[in-house]
Amino acid sequence: MAFYGEYIYSIDEKKRLAIPPKFRKIFGKKAVITKGLDQCLFLYPAKEWQKLAEKLSKLPLSQGDARGFARLMLAGAMEVEFDNLGRILIPDYLKDYALLKKKVAIVGIYNRVEIWDLEKWNEYKEKTEKEVGDIAERLKELGV
């Protein structure tokens, strides 16, 4: 199973965020949340997180970029559990990193879910949609 789609949800006063029911079926009872790219958060099922963590652990320590990326992803990670209503607690340091306010976009990206501040997501989406032709041209070289 894979994550697809875009959903708008709200963070409650206790910093809990409900995850769409169809996504919760894939996650099970636990997930790993971490700092993502483009100032969003990544939410991974445990198996997908384990695959990524293993790849990150094999990056060369001698390369500064590799160390920095591994630190961002691994040190920023936290295991979260879903409550009976399908909510997770967003830690303050991650909420601050992604500049999350009340309204957020929960976006399925195949093997992970991204959590964006709704305003930032809309800005990012608008910019990307305008550039989609150029992006497609560049991705052609990767076989997409």
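The values are calculated or read from the model by the stated rules, or taken from the named source; none is laboratory data. Please read these numbers as outputs of a predicted model, since none were measured by experiment. So basically every Cβ, Gly included, is an ideal-geometry build from the backbone, and we count neighbours across all protein chains shown. These area figures cover heavy atoms from the full protein model, side chains too; ligands, DNA and RNA do not enter into them. Shrake-Rupley method; radii C 1.70, N 1.55, O 1.52, S 1.80 Å.
Is there a pair in Lys22/Lys125; Lys22/Lys127; Lys47/Lys130; Lys95/Lys125; Lys55/Lys102 whose C-alpha atoms are over 30 Å apart, and which pairs would that be? As for pairs spanning more than 30 Å Cα to Cα, those are Lys47/Lys130; Lys55/Lys102. For segment 76-144, the fraction of 1.4 Å probe accessible surface lying on carbon and sulfur atoms is 53 percent.
The Rg/Rh ratio of segment 56-115, with Rg taken over Cα atoms and Rh as the Kirkwood radius over Cα pairs, comes to 1.04. As a calculated quantity, the FRET efficiency between Leu59 and Tyr93 at R0 = 22 Å, using C-beta atoms, amounts to about 0.45. Ordering Pro45, Thr34, Trp121 by Cα displacement along the dipole of the chain toward the positive end leaves Pro45 in first place; charges were set at the Cβ atoms of Lys, Arg (+1) and Asp, Glu (-1). Of interest is the spacing of the C-alpha centroids, which for segment 122-144 and segment 4-39 amounts to 25 Å.
Taking only Cα atoms and a 10 Å spring cutoff, compute GNM fluctuations for the chain and point out the largest among Phe82, Phe23, Phe69. Of Phe82, Phe23, Phe69, the most mobile in the Gaussian network model is Phe69. Using a Gaussian network model of the chain in which every pair of alpha carbons under 10 angstrom is joined by a spring, one finds that among Gln39, Gln63, Gln50 the greatest mean-square fluctuation is at Gln63. By the helix-only formula, in which each DSSP H run with n ≥ 4 contributes -39500 (n - 2.57) and the sum is divided by residues, the chain has a 222 nm mean residue ellipticity of -12000 deg cm²/dmol.
Dividing the mean sequence gap of close Cα pairs (under 8 Å, 6+ apart) by how many residues segment 1-110 holds gives a relative contact order of 47 percent. Within the chain, the longest run free of GluC sites (Glu not before Pro) that sit in a DSSP loop with at most 16 other Cβ atoms within 10 Å is 14-130. Computed over protein heavy atoms with a 1.4 Å probe, the accessible surface of the chain works out to 63 Å² per residue.
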